[in-house]
Amino acid sequence: MKKIALFPGSFDPFTKGHQDIVQRGLNIFDKVIISIGHNTSKKNRYFDLDLMVGKIEDLYKDNPNVKVVIYNELTSSLAKKHQANFLLRGLRNTTDFEYENTISQMNRYLNEELETVFLITSPQFAAISSTIIREVHRYGGDVKEFLPYEI
Ligand code: ADP
């Protein structure tokens with residue numbers, strides 16, 4: 001059976017930290033599906049969704065094992081739809097752990113075939129968060145060092 005992993009998140013924006021998790025995920029899984037959670041009733045993104053999808057697709061255009069999808073449903077249901085048996089998540093610190101622990105327990109309850117696999121951040125990306133990048137960008141700061149594409 002092929003090992004297919006969903007990598008769910010907001011990716012607002014997709015950072016070099018996310019790219020590192022995808023790259024390392026590809027050493028474990030046959031396919032990684034970057035799944036951008038988007039609630040259509042809430043236009044609450046900072047970076048435009050279509051822009052972000054385009055940037056990520058462009059990054060992986062030569063890799064048939066990476067796919068990008070937008071979703072507005074339970075991650076556990078999306079996994080069934082794509083025959084994904086793994087969720088891929090990154091862990092930076094204990095705050096991430098607390099949050100991920102509860103989500104992971106719930107996802108397992110909702111879909112018991114779904115196993116969450118956590119990769120600890122690479123040290124050079126440990127301080128990168130989408131939140132801080134949004135804040136810096138909002139006030140005109142330069143964020144290009146943290147993103148794997150031009151914005
Ligand atoms: P969410 O909005 O669900 O927190 P994000 O888009 O911020 O999702 O992140 C998706 C996943 O990537 C999460 O598992 C998060 O912990 C992980 N992640 C984010 N930034 C990094 C990083 N710098 N290094 C490793 N993992 C990261």
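The values are calculated or read from the model by the stated rules, or taken from the named source; none is laboratory data. Here the structure is a predicted model, which means the values were calculated and not measured. Quick reminder, even Gly has a Cβ in these numbers, built from the backbone with ideal geometry, and neighbours come from all protein chains shown. Surface accessibility is based on the protein's heavy atoms, side chains included, excluding ligands, DNA and RNA. Shrake-Rupley method; radii C 1.70, N 1.55, O 1.52, S 1.80 Å.
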Selection from LEU78, ASN65, PHE7, by position along the positive dipole direction of the chain (Cβ): LEU78
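Can you tell me what the convex hull of the Cα atoms of the chain projects to on average, as an area in nm²?
Values: hull surface 36.4 nm².
Computing the convex hull of the Cα atoms and averaging its projections yields 9.1 nm².
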The chain, accessible surface, carbon-and-sulfur percent (1.4 angstrom probe): 51 percent
Exposure rank, largest accessible area first [MET1, MET52; 1.4 Å]: MET1, MET52
PHE86 long-range amide H proximity, modeled H, under 5 Å: ILE4, LEU6, GLU115
Share, in percent, of DSSP beta bridges within the chain that are antiparallel, nearest 5: 0 percent
Given charges at beta-carbon only (K, R positive; D, E negative), |dipole| of the chain in Debye: 220 debye
Accessible area in square angstrom per residue, the chain, 1.4 angstrom probe: 59 Å²
Karplus (6.51, -1.76, 1.60) ³J(HN,Hα), θ = phi - 60°, over the stretch 55-64, in Hz, Gly and Pro reported as x: 5, 5, 4, 5, 4, 10, 4, 9, 10, x
Partner lysines for LYS55 [C-alpha distance under 17 Å; skip if fewer than 8 residues away on the same chain]: LYS16, LYS67, LYS144
Dipole in debye (nearest 20) - the stretch 1-70, about Cα centre, beta carbon charges: Lys, Arg +1; Asp, Glu -1: 220 debye
